[in-house]
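The block underneath contains the structure these notes are about, expressed in structure tokens.
The values are calculated or read from the model by the stated rules, or taken from the named source; none is laboratory data. Worth saying up front: this structure is predicted, and the values here are computed from it rather than measured. Cβ coordinates were reconstructed from backbone atoms using ideal geometry, including for glycine residues, and neighbour counts include every protein chain displayed.
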Amino acid sequence: MSSAPATTTLTYRDAVREAMREAMHADERIFLMGEDVGRYGGGFGVSKGMLAEFGPERIRDAPLSESAFTGAGIGAALNGMRPIVEIMTVNFSLLALDQIMNNAATLRHMSGGQFEIPLVIRMCTGGGRQLAAQHSHSLEGWYAHIPGIKVLAPATIADARGMLAPALADPNPVLIFEHGSLYNVEGELPDPPPAVDIARAAVMRAGEDVTLIAYGGMLARTLEAAELLAGQGVDAEVLDLRVLRPLDEETVLASVRRTHRAVVVDEAWRSGSLAAEVSARIAEQAFYDLDAPVERVCGAEVPAPYPAHLEQAATPQAETIAAAALRTVGRDG
Amino acid sequence: MAASPPPFPPPSGPIPEHGVELLRDMLRIRRFEEACAELYSATKIRGFLHLYIGEEAVATGTMRALGPDDAIVATYREHGHALLRGVGANALMAEMFGRSDGCSGGRGGSMHIFDANTRFYGGNAIVAGGLPIAVGLALADRMLGRDRVTACFFGEGAMAEGEFHESLNLAALWNLPVLFLCENNHYAMGSALELTESQTNLALKAACYEVAAWTVDGMDVVAVERETERAVLAIRGDGGPVFLEAQTYRFRAHSMYDPDLYRDHAEVAEWKERHDPIELFAARLREQGMLDDATLEGLERDIAAELETAIAFAEASEPEPVESLTRHLYAPGPA
């Protein structure tokens, strides 16, 4: 009788924390800096307990100065450290956009390759928690627009646990977008947790009839949509983009060339979105493989509303995703 | 809005033994930039070109007070700082030309001079954008137990930016070894200090952050060197940040695009005639018997030769091949 492989039950929040703890035990140069990461335990409780474990030098509470502490992360990375900067939410990151765009993304190229910036910036993104129009947006697509940085979106506990180590090992600035609605999600991971890459999209559900492409907070409901579709005789493949920059075009195109149909799901606004980019690449490179126009299911183009029913109406749902998929196979959703 | 001359008595007093070297350094900057202005008119240099002419005493005095392990973060008006820091005139001129032998591989140009070897971290063209980087460089030094200073240059215009305030607060809060060096040339592009700052006493403003802050005559190279040394001494060891304001004046327009319509010509003329840091200092050196015509001619000759070599080097340097356009976008490495 063989013993079952060891597993651990943990939340997405625990997974990020364990990843940080493991990294900080392994490398003295790694430290965490951001608003309320220490005494408060992190705006979303991610770094709870880490101040006691690592002390205030390495779990560094910063004043409410997104630009200064993000820029300080860049400077420290240029000068021998491996900082993890936590920005409480993506909306707040706009206060640090100068540093991310004008410095982190440009310094290496415009200096002729003289510098490395091994910096990780983590932040919370997305809606679904009735936090209204200044705490709920999905702006990771904006960041994915910027050459010179890498952009990750862990949608699973495995990725929340596994993406940080390769991001810290990367000599380039890496932004990690943690979806706020995922922190409490619980799941099991093998112990020790498996290593993950930060280069490829992943096929989360194999299927033959249509490819549903999602990432971050939209993955779970896209998988739910695939179940709804299965009930109606449509076999959907679900891809998790995982890496928003550089995009893993190859995995996307290979799937679409097989299923001949694509639905791109994006919580962000439709105009100029990452969904637009993915759709355009499919249209450019797999047009003759398509049996139907590419569909997009995106967030409604309004500031995120507070009331639950309006927020839901503004956000892709399993039903609206399934309906779009049905349209691609010539059936009315 | 007239920018009054500095409220300092005319520079006087003893001159250090290396006085002639200070003069040479200021002349190197001025001749380099005069050549750049000509090369700009000859379309060899393009884009924006911001000249430092008039402000040379600041870079000259400060650079002498810094050690080789210290770091520099500068602005887009940084040719002089780079030159004196030891970024060679050849690599600097090739960068102005956008050539592959430029110190930034030709990708940065006039506004983005970088040199890892001399710890020269730009060349930052976003006003105040370099301050947070300086705080981070200093944070790493502190965390790694290295006794180094990061000197961060910025204009007085930066003091209206949020990043200035965030950075001073953070550096003071964490007691970081940063020298915040404000080069107050009285105009943020075309806007006079009085039109952009509610508090025009800049040292007073900086002192609000519990940072030692004082002002020096930025047209007096000896005073700048002395006060920078004082500041650096205060910072080293376990000292915290210092804010030093050097009051100076830009003799040329903001950039080569600027018709300079916002300043009274008489004001510019007065600064040039009465406060030129090079003329003033050369006169003092002569008075004290430290400079004669032959020495000055020798300096000019050496500088002209350095420049001639640098221009020939830049002319001969190959342009970057188009195939290398995306090179250096990402550092190679794991993942």
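Looking only at segment A:220-267, which residues are in a helix (DSSP H, G or I) and among the small types (Gly, Ala, Ser)?
First, the residues of segment A:220-267 that are in a helix (DSSP H, G or I): A:220-230, A:249-259.
Hits for segment A:220-267 are A:ALA220, A:ALA225, A:ALA226, A:ALA230, A:ALA254, A:SER255.
Any residue at all in segment A:36-48 that's at the interface with another protein chain (Cβ under 10 Å from one of its Cβ atoms) and more than 18 Å from B:ALA128 (Cα to Cα)?
Looking only at segment A:36-48, we keep the residues that are at the interface with another protein chain (Cβ under 10 Å from one of its Cβ atoms), and these are none.
There is no residue in segment A:36-48 that is at the interface with another protein chain (Cβ under 10 Å from one of its Cβ atoms) and more than 18 Å from B:ALA128 (Cα to Cα).
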Which of the residues belonging to segment B:300-335 are polar (S, T, N, Q) and within 30 Å of A:VAL151 (Cβ to Cβ)? B:SER324, B:THR326
Checking B:VAL20 against (1) modelled with pLDDT under 95; (2) hydrophobic (A, V, I, L, M, F, W, C); (3) surrounded by fewer than 20 Cβ atoms within 10 Å (Cβ to Cβ); (4) in contact with a helix residue (DSSP H, G or I) (Cβ under 7 Å, 6 or more places away or on another chain), the condition it does not meet: (1)
Of a type in the set (A, V, I, L, M, F, W, C), at the interface with chain B (Cβ under 9 Å from one of its Cβ atoms) and under 24 Å from the mean Cα position of the chain (by Cα) - does that describe any residue in segment A:86-94? no
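Any residue that is buried (at least 24 other Cβ atoms within 10 Å of the Cβ) and under 9 Å from the mean Cα position of the chain (by Cα) - is there at least one of those in segment A:161-174? Show your work before the answer.
Here is the first cut: in segment A:161-174, the residues buried (at least 24 other Cβ atoms within 10 Å of the Cβ) are A:161, A:163-164, A:167-168, A:173-174.
If we keep only those that are under 9 Å from the mean Cα position of the chain (by Cα) as well, we get none.
Within segment A:161-174 (the criterion being buried (at least 24 other Cβ atoms within 10 Å of the Cβ) and under 9 Å from the mean Cα position of the chain (by Cα)), the answer is no, since none of the residues qualifies.
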Among the residues that make up segment A:47-58, is at least one of them crowded, with 21+ Cβ neighbours inside 10 Å and either in contact (Cβ under 8 Å) with a residue 60 or more places away in the chain or aliphatic (A, V, I, L, M) (or both)? no
For segment A:278-285, state whether one or more residues are under 18 Å from A:ALA220 (Cβ atoms) and in contact with a strand residue (DSSP E or B) (Cβ under 7 Å, 6 or more places away or on another chain). no
Restricting to segment B:126-155, count the residues that are surrounded by fewer than 24 Cβ atoms within 10 Å (Cβ to Cβ), in contact (Cβ under 8 Å) with a residue 60 or more places away in the chain and either in contact with a Gly (Cβ under 6 Å, 6 or more places away or on another chain) or within 14 Å of B:ALA74 (Cα to Cα) (or both). 2
If only one of B:LEU131, B:LEU92 is closer than 19 Å to A:ASN102 by Cβ, of a type outside the set (Gly, Ala, Ser), in a helix (DSSP H, G or I) and more than 7 Å from chain A (Cβ to nearest Cβ), which one is it? B:LEU131
Does B:TRP174 count as surrounded by fewer than 19 Cβ atoms within 10 Å (Cβ to Cβ) and aromatic (Phe, Trp, Tyr)? no
Say whether the condition of being within 13 Å of chain A (Cβ to nearest Cβ), under 16 Å from the mean Cα position of the chain (by Cα) and not in a helix (DSSP H, G or I) is met by at least one residue in segment B:38-57. no
